[in-house]
């Protein structure tokens, strides 16, 4: 998407940094340990800026610690997905032929699988945990990355410098790592960012269903409890809104960063090759 | 021809995957097949095992599975005391209503607004619109629903808090459906807004736009007479590809609004560990995704002359 | 008097590498027959020809700034709003632009796109416009007209699309027709067909043809007057036959000598970057007949019986 502008990417970076620092320094920044109990259902006041939940935990502290899980799972899932996608796209695009047909066939099938329902089923059979969710998200979300990597690799492998490397008899491994990879990496990075965004939304949604770790509460899990314990019907907005807003803001941040990288990338391709 | 074969193969693979999941999971295979919400005495258990074919070799079980699928038998749900197909069938229409109307409204809203945004030069209005839609796009659909429910139903009391209908009259159904449809519509509109905007921004630098001006067109007339069709072509296929993702979003919307569709069904089945229902829903959604993709393949040549055969 | 008078037209682009003057104080007259003749603007790629064409049509990009006057029927076209321009373009002032296949919209039929000029400017309904488009194609003798009208641009060759564009451009019998490199990239036989189309257009509809090209043959066939452009300036302007017999400006001479039939001699050096043109005469670094004065003093245009030259040799 063009015309995002430098203001957008700066905002994105700043927002992301805020959450990153919150996650990193949660122990210092959180006013109370998230498991410590106070009077339950207190609205926001001087001590508890965001009030307390049904068990009396300070919501602000839960929120800050929650950033850790949300960030870790989102990032981890996106990492798995991107590496998988990169690998499959590379092999498919570089070797072409039978490998390409098989891998693209697999990709087509994966694209048709309803992902969230599948994760729900798997999580139903196994014990719910944020790591399981992250892993499966990673194993299911690689398809779009694989496709764009493949088309770019198909382009790059026909370029002069690659052809000459092949003529000179360099090994496939060398060509892929030294010639092709550097030329696709800036395509992959924006996609990685955008995958983090979708992974975070997926994790939040699945946690909302109760499939996350009750111990390490991600923001989605906080919302699960809030919804279950009647935060909505009792008007407890301080419990209901902040976790959701945090999810939204961090996804916005990541999307802004991803889109501005993407814009730079397309500009670069237009200018150079 | 080749495409339909691919879809059939994909269906076969996914259905086969569905066969293996309960058998590959830890725990008692009987429980994995029936769900964990049943109470049966010891004697009947053995009979049940035999009846389900758990004592037969795997290939036989596989054939049994397929014969049941082809007879449209998705098993029995102990939680709901009914055949899975009936349970799902009762709820599916509501979900389809939600999904269908949201796709229609969301696609129209998103493509129109996105086209306007992409066509006009940067302005405050443009920026604000994009930031707003970006924020909606970044919200998980369940949270968007929570927000709307909280503000418009709980705080303002304009709409009911749950369900699909109270009295059954169509005005009542409309009131119940308004917020959920709005929720899913906004989510989709945001997505298509961003994509259409990008598409129009790309198209407006193309040679045929300059030539349209040279012929005497100007301003928005060019947008609607020339650019719109070109820019919206990718959206048609996108909607089909998105179908699984849209459907999943609808499930969450239904859960928040306590609607009588597949969303709450999947939630209840999850809590009760009712595997037959969960797997049944998975299979039904898969079939719909494949149908949506096949439909898009069929429709696309009708709108883009460049990919028509023999043309 | 529907003449197009270009007076001291300059076009500046603001780019990331600085300001670029693509057109520098150009003056030209373009009048429709029978009072005047078709004008060809020739020059190398990058000399500013296309920019001039776009300026005359009001189609300059956002980062370009035009100054001077382009007078048509008493108004300076540079002052027109987009809405006023849209009434002139396609109707009184038409254009045939480069890259014909890209100039046509891939998702609409040829008939639809030709008929569009009738729908826009004459308010015709779809069917009438389609009929008129059919009549146009009939005149061009393009074979099975009914079938071709229903086809799409990607099904036609580049040359065919070019002829379709010409048909649309002359459909409403414009006063001025600006053709930017109409024969570029075409095979010899298609070139002749296109040239013929343009010739008929000029003859039948009293249209003043403004041909912008580096194809000197086409210029010679179609146009009664030739103007030579170099580095944003007009360096010579004369009646065609006399010009081809004996051009005056050294650049024009070199240009003709570079033709295959005249010796195929390449001009040494390359055209200057328009961000920093040479001092004095812009051609002097490559000129075989340069003098002392040429290095420092920019030559003025001297006119002699309708023959303009911008060169110190002819003061």
Item to check | Hits in the range B:256-272 - residues which are surrounded by fewer than 24 Cβ atoms within 10 Å (Cβ to Cβ) and either modelled with pLDDT of 90 or more or assigned to a helix (DSSP H, G or I) (or both) | outcome: B:264, B:267, B:268, B:270, B:271
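Listed here are the residues, each with its yes/no results for (1) farther than 26 Å from residue A:197 by Cα; (2) crowded, with 21+ Cβ neighbours inside 10 Å.
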| site | (1), (2) |
| --- | --- |
| A:19 | no, no |
| A:27 | no, no |
| A:35 | yes, no |
| A:46 | yes, no |
| A:51 | yes, yes |
| A:56 | yes, no |
| A:64 | no, yes |
| A:67 | no, yes |
| A:72 | no, no |
Checklist entry - Only one of (1) facing another protein chain (nearest Cβ under 10 Å); (2) more than 25 Å from residue B:129 (Cα to Cα) fails for residue B:258. Which number is that? => result (1)
Next on the checklist: Take the conditions within 19 Å of residue C:113 (Cβ to Cβ), crowded, with 22+ Cβ neighbours inside 10 Å and more than 8 Å from chain C (Cβ to nearest Cβ) and apply them to residue B:227. Does it pass?
Outcome noted: yes
Checklist entry - When residue B:151 is evaluated against the numbered criteria (1) outside any loop (DSSP other than H, G, I, E, B); (2) within 10 Å of another protein chain (Cβ to nearest Cβ); (3) in contact (Cβ under 8 Å) with a residue 24 or more places away in the chain, which criterion, by number, is the only one it fails? => result (3)
Next on the checklist: Please verify whether residue A:260 is within 13 Å of chain B (Cβ to nearest Cβ) and closer than 30 Å to residue B:153 by Cα, treating the condition exactly as stated.
Outcome noted: no
Item to check | Residues located in the range A:203-222, provided they are within 10 Å of another protein chain (Cβ to nearest Cβ) and more than 17 Å from residue B:251 (Cα to Cα) | outcome: A:219
Checklist entry - Which members of the range C:202-229 meet the condition of being over 14 Å from the mean Cα position of the chain (by Cα) and either at pLDDT 90 or above or buried (at least 24 other Cβ atoms within 10 Å of the Cβ) (or both)? => result none
Item to check | Listing of helices (runs of 4 or more DSSP H) fully contained in the range C:43-116 that carry 2 or more residues being more than 9 Å from chain B (Cβ to nearest Cβ) and surrounded by fewer than 24 Cβ atoms within 10 Å (Cβ to Cβ) | outcome: C:49-57
Next on the checklist: So, in the range C:252-289, how many residues would count as being closer than 30 Å to residue C:17 by Cα and part of a loop (DSSP other than H, G, I, E, B)?
Outcome noted: 19
Checklist entry - If we scan the range B:13-30, do we find a residue that is more than 10 Å from chain A (Cβ to nearest Cβ), out of contact with any strand residue (DSSP E or B) (no Cβ under 9 Å at 6 or more places or on another chain) and part of a loop (DSSP other than H, G, I, E, B)? => result yes
Checklist entry - Of the conditions (1) within 30 Å of residue C:71 (Cα to Cα); (2) within 13 Å of chain B (Cβ to nearest Cβ); (3) surrounded by 18 or more Cβ atoms within 10 Å (Cβ to Cβ); (4) at pLDDT below 90, residue C:156 fails just one. Which one is it? => result (1)
Checklist entry - Considering A:147, A:152, A:166, which residue is part of a helix (DSSP H, G or I), buried (at least 18 other Cβ atoms within 10 Å of the Cβ) and more than 22 Å from the chain's Cα centre (by Cα)? => result A:152
Item to check | Filter pass, residue B:136 being out of contact with any helix residue (DSSP H, G or I) (no Cβ under 8 Å at 6 or more places or on another chain), under 27 Å from residue B:195 (Cβ atoms), in a helix (DSSP H, G or I) and within 12 Å of chain A (Cβ to nearest Cβ) | outcome: no
Checklist outcome for this item: Being crowded, with 18+ Cβ neighbours inside 10 Å, within 11 Å of another protein chain (Cβ to nearest Cβ) and outside any helix (DSSP H, G or I) narrows B:251, B:194, B:217 down to just B:217
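The values are calculated or read from the model by the stated rules, or taken from the named source; none is laboratory data. Fair warning: this is a prediction, and the values are worked out from it, not measured in the lab. Virtual Cβ from ideal backbone geometry, glycine too; neighbours counted across all protein chains shown.
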